[in-house]
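Here is the structure we will look at.
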Amino acid sequence: MQINLPKKKFFYNCDGFYDVGWGCVYRCLQNVIYFLLQREDSILSIMKFLKIEYDPFIQTQQLWIEPIDCKFYLKEKYEIASKLILYLPNDTIHMLRSKKNDFDQIYKKNDIILYLKNKAWCPIIIDDGTYSYMIYKIDEKNVYFLDPHRMNNDQLKVFSIETFLKRDWMILLIE
């Protein structure tokens with residue numbers, strides 16, 4: 001699986017909006033929207049749609065969103081279908097807005113890699129409950145990410161498949 005990413009990429013503070021510490025899922029969502037529709041939805045417009053009030057002095061946990069919020073946003077705003085998947089090898093994932101019954105599928109074994117390789121045609125949003133990334137490539141040894149936490153042109157990150165499979169992940173796959 002390999003997805004060719006557009007040249008424009010969204011990451012912390014890329015548009016002058018300071019979202020360091022809480023904006024990674026928003027930035028992944030912006031990347032998916034841009035990939036699909038060549039549109040730039042601002043973080044503030046996404047927050048307004050999701051009824052999250054922005055206050056620069058509010059605690060960051062109250063501003064975070066999760067893949068379940070992205071699924072809602074894509075479906076309700078753009079009629080884009082997606083699937084929410086939980087990969088749970090450790091039974092320890094911590095989620096703010098999601099519960100196990102929110103997920104369309106739950107995986108506990110490494111067949112998640114084969115599933116993603118066979119189904120993905122769009123970048124995949126993943127979240128471990130603390131950090132969110134966007135998968136754009138999986139080969140025989142590695143999983144390749146766009147990392148929205150990096151505020152420069154070096155947003156690409158690589159995990160070995162072995163490392164990837166040790167962590168719990170919430171996954172949003174566009175159908």
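The values are calculated or read from the model by the stated rules, or taken from the named source; none is laboratory data. Remember, it's a predicted structure, so these values are computed and weren't measured experimentally. Here Cβ is always computed from backbone atoms with ideal geometry, including for glycine, and neighbour counts include all displayed protein chains. These accessible areas exclude ligands, DNA and RNA; they are computed on the full protein's heavy atoms, side chains included. Shrake-Rupley method; radii C 1.70, N 1.55, O 1.52, S 1.80 Å.
So for 19, 69, what's the accessible-area order with a 1.4 Å probe, most first?
Putting 19, 69 in descending order of accessible area: 69, 19.
Determine the gain in length on full extension of the stretch residue 114-residue 94; use 0.36 nm per residue of separation and subtract their C-alpha separation, reporting nm with one decimal.
Full extension from residue 114 to residue 94 adds 4.7 nm.
Just how far, in whole angstrom, is the stretch 25-69 from the stretch 107-137 if you go by their alpha carbon centroids?
20 Å
At R0 = 25 Å, how high is the FRET efficiency between residue 81 and residue 139 if r is their beta carbon distance? Nearest 0.05 is fine.
Efficiency for this residue pair is about 0.40.
Lysines within cross-link reach of residue 48: Cα-Cα under 20 Å, excluding same-chain residues under 8 positions apart?
71, 75, 77
Just the accessible area for residue 121, please: 1.4 Å probe, Å², rounded to the nearest 10?
120 Å²
Let me check something: with ligands and nucleic acids excluded, how do 44, 84, 5 order by accessible area (1.4 Å probe), largest to smallest?
Ranked list, largest accessible area first: 44, 5, 84.
For 165, 63, give the ranking by accessible area with the largest first, probe 1.4 Å.
Of 165, 63, the descending order of accessible area is 165, 63.
Calculate for the chain the 222 nm mean residue ellipticity that helices alone would give, adding -39,500 (n - 2.57) per DSSP H run of length 4 or more and normalising by residue count, nearest 500 deg cm²/dmol.
Taking each H run of at least 4 residues, the total per residue is -7500 deg cm²/dmol.
Could you state how much accessible area residue 83 has, in square angstrom rounded to the nearest 10, with a 1.4 Å probe and all protein chains kept in place?
Ignoring ligands and nucleic acids, residue 83 comes out at about 50 Å².
Given the protein chains as shown and a 1.4 Å probe, how many square angstrom of residue 72 are accessible, to the nearest 10?
100 Å²
With semi-axes √(5λ) of the Cα gyration tensor in Å as the read-out, I listed [x] 20, 17, 16; [y] 23, 18, 16; [z] 36, 20, 13; which label goes with the value calculated from this structure?
[y]
As a quick test, which of the pairs 9/119; 8/166; 7/109; 100/141; 9/108; 51/119 have an alpha carbon distance above 27 angstrom in this structure?
Violating the 27 Å limit, Cα to Cα: 8/166; 7/109; 100/141; 9/108; 51/119.
Please report the relative contact order for the stretch 13-133, taking Cα pairs under 8 Å with a sequence separation of at least 6, and give it as a percent rounded to a whole number.
29 percent
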